[in-house]
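The values are calculated or read from the model by the stated rules, or taken from the named source; none is laboratory data. None of these values were measured; they are calculated from a predicted model. Every residue, glycine as well, gets a Cβ built from its backbone with ideal geometry; the counts of neighbours run over all protein chains shown.
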Amino acid sequence: MKYNDTIQAVKGIGEKTAKLFAKLGVYTIGDLCEYFPRGYDKCALPVPIAQAAEGELLAIEGSVYGLAEIKKIRNLNLLSCTIKDPTGQIRITWFNQPYLKNTLKPGIRYIFRGKVVRKGGSLTMDQPKIYRQEEYRKLLNHLTPIYSLTEGLTNNAISKAAAQALGELEFPEEQIPKRILKEYGLIRRETAIREIHFPKSMDTVYDARKRLVFDEFFRFTLRLSRLKEEKQARITSCRMVYDASLDRMIENLPFQLTGAQKRVWQEIRTDMEGAFGMNRLIQGDVGSGKTILAVLALCLAAKNGYQGCIMVPTEVLAMQHYESIGRLLEQEGLKTVLLTGSMTAAAKKKVYAEIASHEADIIVGTHALIQETVQYDRLGLVVTDEQHRFGVKQRLSLSKKGEEPHVLVMSATPIPRTLAIILYGDLDISLVNELPADRLPIKNCVVDTTYRPKAYRFIENQVALGHQAYIICPMVEESELIEAENVIEYTEKVREALPGTVTVEYLHGKMRPKEKNTIMERFAAGEIQVLVSTTVVEVGVNVPNATVMMIENAERFGLAQLHQLRGRVGRGKAQSYCIMVSGNAGKDTMERLSIMNKSNDGFFIAGEDLKLRGPGDFFGIRQSGDMEFKLADIYNDAQVLKDANEAAKSLTPEERDELLKQDTAGEISETAL
Ligand code: ADP
Ligand code: MG
């Protein structure tokens, strides 16, 4: 049997079963070998019935007491009996397996293994498996693989097929050079695959997993480096010519570009005017002025007769970008349109037409931009803002909308190098490591709830000076409807605490996009002075006149979110303030908040976050995690990732070519990454 043989090479698997396996993505023997269990089940010694505890999966040993009975409840066929051992008795039930009645012979001892549940006041074992003593003894302390299933295919069927395949398979030769295996303490791949399905002990599972995770990362890194090289070598079909009107546009901006912005703009220009396409990530802290760089790039594309689009993670942000970007580009005689999921079908249809006919030069939108229905015309540049909120896949599907357009992605989230390899490995990186010169560092304070009246006074004073404030509402944990009620109620309190002349409005996730936009527009226009909100204002929103960010329940947020929230102020010339109200003063909370108090620097905070929490949920990136590794976890296996990356770099060019040649499964396609 060979790795590439179809699954039907396994005895007993015919066309019908093969179809079921196909549902699991298993077509070949190799796929089957790489269909790893998601856990293991270990059969332990039977427990005395008196000790069977609710909720546990366990085995008991005893004989059937009296006769098994069958009841029909609607179309359920219920078989039940009582099992006794010297310590007690328990009811057992099976659904729709009436034939078991004949299997269970009175007086004979069986082992029953199943979950103990409470039914009508007494304990019952539900749907247990039945074993003869000698049969169970063989299973004792064995780790049995547990696979993800699909209807019609039992765990047993998969495990049997895997066992048979592993028994008859001629394993392909080891691909990774021996010296690498030795250096990183890796077992052979063949052994690893055998062990991951049918491990001798948890220790061997550990080694097997390490090897297989290594392989996944190793292959990933290799493909990525190939992809990057290919991209870099690809002559772009959208080579741009610089347009002098851009100089004028830069001159007419209400501010001077910072040194960092100028440098990055040069990098973008060099890419876009060069023979090879742009694949660039702009990393810059909140408020560092990334948007204008995107606008310039979009403008350059449009001046060259190409369409450009920018994708953002929320409707609120899309609307805002649409307005501010649209205003700037209108002066250049360019038309910007908005496309979001919440638009009416008619409005969407109109925009689709404007895009297809190239009436629209620039398209601002949410995920809606990657929908099938959108047909672009000469798409030359795709920008993704707040990239960490999207997955790599979404970024790639956006660029698939054109013929290899230039790609620009922007993120405020500094990420550790190891993760950058995975998330941005195919991109060049530009840093906007300088804030506009007119910015004053935000002043922070951490207070408890008794400080509220003072905070409201403070906000009142800022409003009197012509400024605006955000208040992030205290949170409730129940349903989202309650979230809305809660915001409304809290807003009332704020209204009472402030003079009647101050306009206080609220924003929450359950509002219709249109309502949200109206509120945001009025806030941006200065008609609303105090905006009470849930975290919907968290990403990207830009109202430079706002100077106070008051965060209730600050203890409930992670550092990343706090930093993003705080980033909504300090976006203009005026001194800004961040008031973090903490409902509890536990040690961890205080530690976290004191980091925020100490620093406004996103990179520093990210580093501290990593130290405090470990890479587990680092800066919310996991939410966008669409990295399809079978076993590997980019956070928990960060060390293996580092090893694999290092190992891949240590390959000689011949070794690398050889490995890439063998790596047929991945093709060269980007989606295969
Ligand atoms: P972010 O990097 O968080 O996306 P934005 O691009 O939204 O930041 O910029 C924040 C604010 O700073 C905006 O109001 C923008 O107009 C302004 N801004 C951008 N660049 C400069 C600059 N060089 N000098 C002064 N203000 C700037
Ligand atoms: Mg931004």
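Quick one: would you say residue 273 is acidic (Asp, Glu) and free of Cβ contacts under 8 Å to residues at least 24 places away in the same chain? Break it down stepwise before answering.
Values: acidic (Asp, Glu): yes; free of Cβ contacts under 8 Å to residues at least 24 places away in the same chain: no.
Spelling it out, it is not the case that residue 273 is acidic (Asp, Glu) and free of Cβ contacts under 8 Å to residues at least 24 places away in the same chain.
Just the residues that are in a loop (DSSP other than H, G, I, E, B) and either of a type outside the set (D, E, K, R) or within 33 Å of the chain's Cα centre (by Cα) (or both), please, taken from segment 325-364. Full working, then the answer.
Applying the first criterion (in a loop (DSSP other than H, G, I, E, B)) to segment 325-364 yields 331-335, 340-344, 357-361.
Within segment 325-364, 331, 333, 334, 340, 341, 342, 343, 344, 357, 358, 360, 361 meet the criteria.
Inside segment 307-331, can you point out the residues that are crowded, with 20+ Cβ neighbours inside 10 Å, farther than 30 Å from residue 422 by Cα and more than 11 Å from ligand 1 (Cβ to nearest atom)?
If the condition is that a residue be crowded, with 20+ Cβ neighbours inside 10 Å, farther than 30 Å from residue 422 by Cα and more than 11 Å from ligand 1 (Cβ to nearest atom), then 319, 322, 329 are the ones that fit.
Could you say which residue among 211, 280, 269 is at pLDDT below 95 and surrounded by 14 or more Cβ atoms within 10 Å (Cβ to Cβ)?
Values: 211 fails: at pLDDT below 95; 269 fails: at pLDDT below 95.
From the options 211, 280, 269, the qualifying one is 280.
Could you tell me whether segment 253-262 includes any residue that is over 27 Å from the mean Cα position of the chain (by Cα), within 16 Å of ligand 1 (Cβ to nearest atom), more than 24 Å from residue 420 (Cα to Cα) and among the β-branched types (Val, Ile, Thr)?
yes
What number of residues within segment 444-460 are among the β-branched types (Val, Ile, Thr), part of a helix (DSSP H, G or I) and surrounded by fewer than 17 Cβ atoms within 10 Å (Cβ to Cβ)?
Restricting attention to segment 444-460, the residues satisfying the condition of being among the β-branched types (Val, Ile, Thr) are 446-447, 449-450, 459.
In the following step, the residues that additionally are part of a helix (DSSP H, G or I) were identified as 449-450, 459.
With surrounded by fewer than 17 Cβ atoms within 10 Å (Cβ to Cβ) added as a condition, the list becomes 449-450.
Matching residues across segment 444-460 total 2.
Any residue in segment 361-383 that's basic (Lys, Arg): show its pairings with residues that are part of a loop (DSSP other than H, G, I, E, B) and buried (at least 21 other Cβ atoms within 10 Å of the Cβ) at Cβ separation under 6 Å, as long as the two are six or more apart or on different chains.
Taking only residues 6 or more apart or on different chains, the pairs are 378/306.
In segment 372-391, how many residues are assigned to a strand (DSSP E or B), in contact with a Pro (Cβ under 7 Å, 6 or more places away or on another chain) and among the hydrophobic types (A, V, I, L, M, F, W, C)? Talk me through it step by step, then tell me what you get.
As a first pass, look at segment 372-391 and keep what is assigned to a strand (DSSP E or B): 379-384.
Filter once more, keeping what is in contact with a Pro (Cβ under 7 Å, 6 or more places away or on another chain): 379-382.
From what is left, the residues that are among the hydrophobic types (A, V, I, L, M, F, W, C) are 379, 381-382.
So the answer is 3.
Name the one entry in 3, 27, 40 that is touching an Asp or Glu at 6+ places or on another chain (Cβ under 9 Å) and hydroxyl-bearing (Ser, Thr, Tyr). If you could, list the steps in order and put the result at the bottom.
Numbers: 27 fails: touching an Asp or Glu at 6+ places or on another chain (Cβ under 9 Å); 40 fails: touching an Asp or Glu at 6+ places or on another chain (Cβ under 9 Å).
Checking each option against the conditions leaves just 3.
Does residue 55 satisfy the criteria of being of a type in the set (Gly, Ala, Ser) and surrounded by 15 or more Cβ atoms within 10 Å (Cβ to Cβ)? Working first, answer last.
Values: of a type in the set (Gly, Ala, Ser): yes; surrounded by 15 or more Cβ atoms within 10 Å (Cβ to Cβ): no.
No; evaluated as a whole, the condition is false for this residue.
Take the conditions under 24 Å from residue 315 (Cβ atoms), touching a helix residue (DSSP H, G or I) at 6+ places or on another chain (Cβ under 7 Å) and in the same structural domain as residue 457 (by TED's automatic domain parsing) and apply them to residue 534. Does it pass?
On the way: under 24 Å from residue 315 (Cβ atoms): yes; touching a helix residue (DSSP H, G or I) at 6+ places or on another chain (Cβ under 7 Å): yes; in the same structural domain as residue 457 (by TED's automatic domain parsing): yes.
Yes.
Filter segment 369-398 down to the residues that are at pLDDT below 90, away from ligand 1 (no atom under 16 Å from the Cβ) and touching a Ser or Thr at 6+ places or on another chain (Cβ under 9 Å) and list them by number.
Across segment 369-398, the qualifying residues are 391, 392, 393, 394, 395, 396, 397, 398.
Pull up segment 280-307, narrow it to residues that are within 11 Å of ligand 2 (Cβ to nearest atom) and in a strand (DSSP E or B), then point me to the one that is farthest from residue 435 (Cα to Cα).
282
If a residue has to be among the hydrophobic types (A, V, I, L, M, F, W, C) and more than 15 Å from residue 113 (Cα to Cα) to count, how many in segment 51-89 make the cut?
We begin by selecting, within segment 51-89, every residue among the hydrophobic types (A, V, I, L, M, F, W, C); these are 52-53, 57-60, 64, 67-68, 70, 73, 76, 78-79, 81, 83.
Filter once more, so that each one left must be more than 15 Å from residue 113 (Cα to Cα): 67-68, 70, 73, 76, 78-79.
The number of residues fulfilling the criteria is 7.
Checking the condition in a strand (DSSP E or B) and either closer than 21 Å to residue 129 by Cα or among the hydrophobic types (A, V, I, L, M, F, W, C) (or both), which residue from 45, 78, 20 passes?
Testing whether each residue is in a strand (DSSP E or B) and either closer than 21 Å to residue 129 by Cα or among the hydrophobic types (A, V, I, L, M, F, W, C) (or both) leaves just 78.
In segment 53-73, which residue that is in a strand (DSSP E or B) and charged (D, E, K, R) is farthest from residue 84 (Cα to Cα)? Can you show your working first?
First, pick out the residues of segment 53-73 that are in a strand (DSSP E or B): 57-73.
From the residues that got through so far, the ones that are charged (D, E, K, R) too are 61, 69, 71-72.
On the way: 61: 8, 69: 16, 71: 21, 72: 24 Å.
Residue satisfying both the conditions and the ranking: 72.
Filter segment 143-166 for residues that are loosely packed, with under 14 Cβ neighbours inside 10 Å and assigned to a loop (DSSP other than H, G, I, E, B) and give the result.
Hits for segment 143-166 are 148, 151, 152, 154.
Results for (1) assigned to a loop (DSSP other than H, G, I, E, B); (2) among the charged types (D, E, K, R); (3) exposed (fewer than 13 other Cβ atoms within 10 Å of the Cβ), shown as yes or no for each residue.
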site	(1), (2), (3)
110	no, no, no
123	no, no, no
135	no, yes, yes
200	yes, yes, yes
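In segment 465-498, which residues are polar (S, T, N, Q) and modelled with pLDDT under 80?
Correct list: 479 only.
Does residue 433 count as closer than 30 Å to residue 260 by Cβ, of a type in the set (S, T, N, Q) and within 16 Å of ligand 1 (Cβ to nearest atom)? Steps first, answer last, please.
Details: closer than 30 Å to residue 260 by Cβ: yes; of a type in the set (S, T, N, Q): yes; within 16 Å of ligand 1 (Cβ to nearest atom): yes.
So residue 433 fits the description; yes.
One residue is enough: does segment 480-489 have a residue meeting the conditions part of a loop (DSSP other than H, G, I, E, B), away from ligand 1 (no atom under 16 Å from the Cβ) and surrounded by 17 or more Cβ atoms within 10 Å (Cβ to Cβ)?
Here is the first cut: in segment 480-489, the residues part of a loop (DSSP other than H, G, I, E, B) are none.
Looking for residues that are part of a loop (DSSP other than H, G, I, E, B), away from ligand 1 (no atom under 16 Å from the Cβ) and surrounded by 17 or more Cβ atoms within 10 Å (Cβ to Cβ), one finds none in segment 480-489, hence no.
Please go through segment 92-108 and pick out each residue that is in contact (Cβ under 8 Å) with a residue 40 or more places away in the chain and surrounded by 14 or more Cβ atoms within 10 Å (Cβ to Cβ).
Within segment 92-108, the subset in contact (Cβ under 8 Å) with a residue 40 or more places away in the chain is 104-108.
If the condition is that a residue be in contact (Cβ under 8 Å) with a residue 40 or more places away in the chain and surrounded by 14 or more Cβ atoms within 10 Å (Cβ to Cβ), then 104 is the only one that fits.
Residues in segment 335-352: is at least one touching a residue at least 40 places away in the same chain (Cβ under 8 Å) and out of contact with any strand residue (DSSP E or B) (no Cβ under 7 Å at 6 or more places or on another chain)? Please lay out each step first, then the result.
Let us first name the residues in segment 335-352 that are touching a residue at least 40 places away in the same chain (Cβ under 8 Å), namely 340, 342.
Cutting the leftovers down to out of contact with any strand residue (DSSP E or B) (no Cβ under 7 Å at 6 or more places or on another chain) gives us 342.
So far as segment 335-352 goes, yes, one or more of its residues are touching a residue at least 40 places away in the same chain (Cβ under 8 Å) and out of contact with any strand residue (DSSP E or B) (no Cβ under 7 Å at 6 or more places or on another chain).
Tell me, yes or no, whether segment 253-264 has at least one residue that is under 21 Å from residue 325 (Cα atoms) and touching a Ser or Thr at 6+ places or on another chain (Cβ under 6 Å).
Yes, that holds for at least one residue.
Give 431, 408, 435 a once-over and let me know the one that is hydrophobic (A, V, I, L, M, F, W, C), assigned to a loop (DSSP other than H, G, I, E, B) and within 16 Å of ligand 2 (Cβ to nearest atom). It would help to see each step written out before you state the result.
Values: 431 fails: assigned to a loop (DSSP other than H, G, I, E, B); 408 fails: assigned to a loop (DSSP other than H, G, I, E, B).
Checking each option against the conditions leaves just 435.
Only one of these conditions is not met by residue 254: (1) assigned to a helix (DSSP H, G or I); (2) more than 30 Å from residue 36 (Cβ to Cβ). Which number is it?
Unmet for residue 254, out of (1) assigned to a helix (DSSP H, G or I); (2) more than 30 Å from residue 36 (Cβ to Cβ): (1).
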